[in-house]
Amino acid sequence: MKHIKHIIAICLIIVLYGCFDKKNNSSMIGIKEQILEEKVDSLLSLMTIEEKVGQMNQYNGFWDVTGPAPEEGNAELKYEHLKMGYIGSMLNVRGAEEVRKVQKIAVEESRLGIPLIIGFDVIHGYKTLSPIPLAEAASWDLTALEKSARIAAIEASASGINWTFAPMVDISRDPRWGRVMEGAGEDPFLGSAIAVARIKGFQGDDLSAPNTIAACAKHFAAYGFSEAGKEYNTVDIGTSTLHNIVFPPFKAAVDADVKTFMNAFNELNGVPATGNSYLQRDILKGKWDFNGFVVSDWASITEMIHWGHAKNKKEAAILAANAGSDMDMESYVYINELVRLVKEGAVKESIIDDAVKRILRVKFELGLFDDPYKYCNLENEKNNIGNPAHRAAALDMAKKSIVLLKNSTQLLPLKKEGQKIALIGALAADSNSPLGSWRIASDNNSAISVLEGMKKYTGNSLTYKKGTDVSIGNTEFIKHVNINTTDRSEFKDAISTAKKADVVVMVLGEHGFQSGEGRSRTKLDLPGLQQELLEEIYKVNKNIVLVLNNGRPLAIEWAAENIPTIVEAWQLGTETGNAVAQVIYGDYNPSGKLPMTFPRNVGQIPIYYNYKNTGRPIDKDNNVFWSHYLDVKNTPLYPFGHGLSYTTFEYSNFNLKESIYSINDTIKLSIDVTNTGNYDGKEVVQLYIRDLVASITRPVRELKGFELTALKIGETKTIHFNLNKETLGYYNNNGDFVIEPGDYKVFIGGSSTTKLERKFTLIN
Ligand code: BGC
């Protein structure tokens, strides 16, 4: 009889559990935790060292590959290890039937029958795709963000998955890094709020429900600061940036009860994140008291050998386990080395026990021991995958993610009748690229293209011309995109169509696979011949609406100067074309705001709104001795928080009652916002502070509050904010949170460059 002791222990606990007063919530939580610990301990006590190490082993499945496949991996070995209980988790196995197959072996053929936790990169949807995460962040709409993650969890869980490797909460200031598409941009305050919303969406209120999944805050830590934006590169940053910029979204994730963390490919100040005990033991499991588990990134344990941090696989296993990496994703070193290392005394069994307990805890919380097949119901899968309600939500999210960057001649919204519209650009007719990167479970070419979306508006004449291809040949998740840099054969046709049009809508930008993992770029212009095409068309017709498709901020200085209307439409997922068309035609008034600064050129990078003032911030008398470049302005092309609407908003009555506050006070502020234009609309009201003098210099602005508000034409609303110790303090160079008396400025408005400000003094 399998795990009989374990079953007895659980029965006892259940009886005990029934004896307590269920109304007493906090003691109930304590009791639940105690019961959970008892279950975990009793199971652990039955396990051999081989089975324990098996729980720490994660293998890739059998077909999708999201990293370089290691030599060791073959299906036969994986099946064998499943039977022996040597696998705790698999990634990239999907589909209710496929997951059931592997789960059945783990549960029914291994000695203890411990179920697998099944991981997958559910990054912006599963089958139904919402916009890429950076785009969603542009909505600043936490309710919508949570809903989007909820839907992703519903679809993924219906397909056998119970653990997503999301959200990526890496803050980044470098758009050369392709993975900025996967995060929430450059700001730790916005990034934290979005991390929490996404975690709530994935994990729901009850992790044991069949349609919620464990989330994973990744990549711990500082991956977004890879030097020069180059993928997998060195990170060398100081304490202040680490604590004030990098850590906050991770800390927020722990506070939101995220169940797992993933470490990172990068090294941090000389120590690879995977073998970094300061990060994983001191900060995460120590100071922050995280009790979930940490998975390595794909083969990042063995990559410590290439980093020159571990001599061989054995040493890599020792370093990673001791540093607190609980599960090995695809390095094969835990399974091959750890048992021996424990026997030799190089890794203490208590380290293994701690890791296994963390993993088992999450499995119990998911309810996998009650029903290991709860995510493997074919009927459920059929009903939930691609459900029309999910598509409706994806459309809503896509519209909310669009940012109107410029509309200087009010070309938008387009008139719905009597216009000759030329639609130009290969991306306009593309139904694959808008799905963006990280969309393995969705079908290729399943997005609504902009062309399809525009065709639904039948009052105008619409002529489509490609103009130029962006990519040539096949585009695949694991391959480089080949960009067309030579073929201009379709320019002529596009130019003559544009010449005859009232308005030219040009859809230009990056292919969906030009951003994402492994897609760093040194140029951030419109790839291939697209800039040339844009300039040629501009020569014959200046009424251009430029619709950008991209997974990162682009440096489009010429377009920003010359093109009257620019719409940032990112890669918006399954419903892309409908969302773009509805915004262009004014059926939806855009309200997105940039979560990341757009540079004028690559030389300005890193450029971000919360920079430090320097000792020489201003130009006096046109001399050279101040902080600037000779050849480009200091300002960005479009700042963080920027985004227009078809209507206009006016701010008034900025109200801050006192000029002096005590450090313990809650400072209450308010401002009136009025819709002064001709459309109903939404505005993201943003609050920034500046701590003028501090022991550790503070940024010129820091976001500390925001509210998305809907205003009808002529309507005024009063928006309230609070500032307190938590928002006014910062981390000093010992990593301690401090709040210092002194003078502060506070700014409120519709972008990070707002001029509306008040001042106050904080006293002890
Ligand atoms: C990525 C992770 C991802 C993992 C599994 C790695 O290459 O860095 O973010 O979760 O692969 O697909």
For region 312-349, name all the residues that are more than 34 Å from the chain's Cα centre (by Cα) and in contact (Cβ under 8 Å) with a residue 40 or more places away in the chain. VAL339, VAL342, LYS343, GLU349
Every residue in region 392-411 that is open to solvent by less than 30 Å² (accessible area, probe 1.4 Å) and within 24 Å of SER496 (Cβ to Cβ), please. LEU411
Out of region 321-345, which residues are more than 25 Å from ALA221 (Cα to Cα) and open to solvent by 40 Å² or more (accessible area, probe 1.4 Å)? ASN336, ARG340, LYS343, GLU344, GLY345
Any idea which of (1) under 21 Å from GLU568 (Cα atoms); (2) aliphatic (A, V, I, L, M); (3) within 22 Å of the chain's Cα centre (by Cα) is the one ILE440 doesn't satisfy? (1)
Top-ranked residue of region 152-192 - restricted to ones that are under 11 Å from the mean Cα position of the chain (by Cα) and hydrophobic (A, V, I, L, M, F, W, C), ranked as nearest to the ligand (Cβ to nearest atom): PHE165
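Can you tell me which residue within region 273-297, out of those that are in a loop (DSSP other than H, G, I, E, B) and of a type in the set (D, E, K, R), is farthest from the ligand (Cβ to nearest atom)?
Step one: of region 273-297, the residues in a loop (DSSP other than H, G, I, E, B) are 276, 288-292, 296-297.
Checking which are of a type in the set (D, E, K, R) leaves us with 289, 297.
On the way: ASP289: 24, ASP297: 5 Å.
This residue is ASP289.
Would you point out which residue out of GLY425, GLY418, GLY436 is in contact (Cβ under 8 Å) with a residue 12 or more places away in the chain and open to solvent by 10 Å² or more (accessible area, probe 1.4 Å)? Give the derivation first.
Details: GLY425 fails: open to solvent by 10 Å² or more (accessible area, probe 1.4 Å); GLY436 fails: open to solvent by 10 Å² or more (accessible area, probe 1.4 Å).
Just a single option satisfies the conditions, and that option is GLY418.
Would you check which residues across region 549-574 are within 15 Å of PRO527 (Cα to Cα) and among the aliphatic types (A, V, I, L, M) and list them? Reasoning before the result, please.
Going residue by residue through region 549-574, those that are within 15 Å of PRO527 (Cα to Cα) are 549-559, 570.
The answer is LEU554, ALA555, ILE556, ALA559.
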Suppose we filter THR709, THR718 for residues that are farther than 20 Å from THR143 by Cα and of a type in the set (Val, Ile, Thr); which single one remains? THR718
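Might you check whether a residue that is part of a loop (DSSP other than H, G, I, E, B) and touching a Phe, Trp or Tyr at 6+ places or on another chain (Cβ under 9 Å) occurs anywhere in region 559-576?
Within region 559-576, the first condition is being part of a loop (DSSP other than H, G, I, E, B), and the residues that meet it are 563-564, 569-572.
This time we only want the ones that are touching a Phe, Trp or Tyr at 6+ places or on another chain (Cβ under 9 Å), so: 563.
Within region 559-576 (the criterion being part of a loop (DSSP other than H, G, I, E, B) and touching a Phe, Trp or Tyr at 6+ places or on another chain (Cβ under 9 Å)), the answer is yes, since at least one residue qualifies.
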Selection count, region 86-104, where residues are away from the ligand (no atom under 16 Å from the Cβ) and closer than 25 Å to ASN384 by Cβ: 10
Which one of these does GLN686 not meet: (1) assigned to a loop (DSSP other than H, G, I, E, B); (2) within 18 Å of PHE189 (Cβ to Cβ); (3) among the polar types (S, T, N, Q)? (1)
Which one of the conditions (1) away from the ligand (no atom under 14 Å from the Cβ); (2) buried (at least 24 other Cβ atoms within 10 Å of the Cβ) does THR143 fail to meet, given that it meets all the rest? (2)
Go through region 113-138 and count every residue that is open to solvent by 10 Å² or more (accessible area, probe 1.4 Å), away from the ligand (no atom under 14 Å from the Cβ) and among the acidic types (Asp, Glu). 0
Using the structure shown, decide if GLY518 is more than 20 Å from LEU405 (Cα to Cα) and of a type in the set (Gly, Ala, Ser). yes
Mind checking whether some residue in region 249-272 is in a loop (DSSP other than H, G, I, E, B), within 15 Å of the ligand (Cβ to nearest atom), at positive phi and in contact (Cβ under 8 Å) with a residue 12 or more places away in the chain? no
Any pair with Cβ under 7 angstrom, 6 or more apart, that starts in region 31-48 at a residue that is β-branched (Val, Ile, Thr) and ends at one that is in a helix (DSSP H, G or I) and at pLDDT 95 or above: VAL40/LYS357; VAL40/LEU360; VAL40/ARG361; VAL40/PHE364
Going through region 197-221 one residue at a time, which ones are more than 13 Å from the ligand (Cβ to nearest atom) and either in a helix (DSSP H, G or I) or of a type in the set (Phe, Trp, Tyr) (or both)? ALA197, ARG198, ILE199, LYS200, GLY201, PHE202, GLN203
I'm trying to understand the selection: among the residues of region 737-764, which are farther than 14 Å from ASN664 by Cβ and touching a helix residue (DSSP H, G or I) at 6+ places or on another chain (Cβ under 9 Å)? PHE737, TYR744
Can you tell me which residue within region 223-257, out of those that are among the aliphatic types (A, V, I, L, M) and in contact with a strand residue (DSSP E or B) (Cβ under 7 Å, 6 or more places away or on another chain), is nearest to LEU190 (Cα to Cα)? ALA253
Here is a check on your reading of the model: is GLY453 on the phi > 0 side of the Ramachandran plot and open to solvent by less than 20 Å² (accessible area, probe 1.4 Å)? no
Test SER662 against the criterion of being surrounded by fewer than 19 Cβ atoms within 10 Å (Cβ to Cβ), of a type in the set (Ser, Thr, Tyr) and more than 28 Å from SER139 (Cβ to Cβ), and give yes or no. yes
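Determine whether LEU692 is touching a strand residue (DSSP E or B) at 6+ places or on another chain (Cβ under 7 Å), closer than 22 Å to VAL583 by Cα, of a type in the set (A, V, I, L, M, F, W, C) and in the same structural domain as ASN664 (by TED's automatic domain parsing). Lay out the reasoning, then the answer.
Working: touching a strand residue (DSSP E or B) at 6+ places or on another chain (Cβ under 7 Å): yes; closer than 22 Å to VAL583 by Cα: no; of a type in the set (A, V, I, L, M, F, W, C): yes; in the same structural domain as ASN664 (by TED's automatic domain parsing): yes.
Considered against the rule, which asks whether it is touching a strand residue (DSSP E or B) at 6+ places or on another chain (Cβ under 7 Å), closer than 22 Å to VAL583 by Cα, of a type in the set (A, V, I, L, M, F, W, C) and in the same structural domain as ASN664 (by TED's automatic domain parsing), LEU692 comes out as no.
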Might you check whether a residue that is within 16 Å of the ligand (Cβ to nearest atom) and either among the aliphatic types (A, V, I, L, M) or at pLDDT below 80 (or both) occurs anywhere in region 73-85? yes
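The values are calculated or read from the model by the stated rules, or taken from the named source; none is laboratory data. Owing to the predicted nature of the structure, the values given are computational and were not obtained by experimental measurement. Virtual Cβ from ideal backbone geometry, glycine too; neighbours counted across all protein chains shown. Surface accessibility is based on the protein's heavy atoms, side chains included, excluding ligands, DNA and RNA. Shrake-Rupley method; radii C 1.70, N 1.55, O 1.52, S 1.80 Å.
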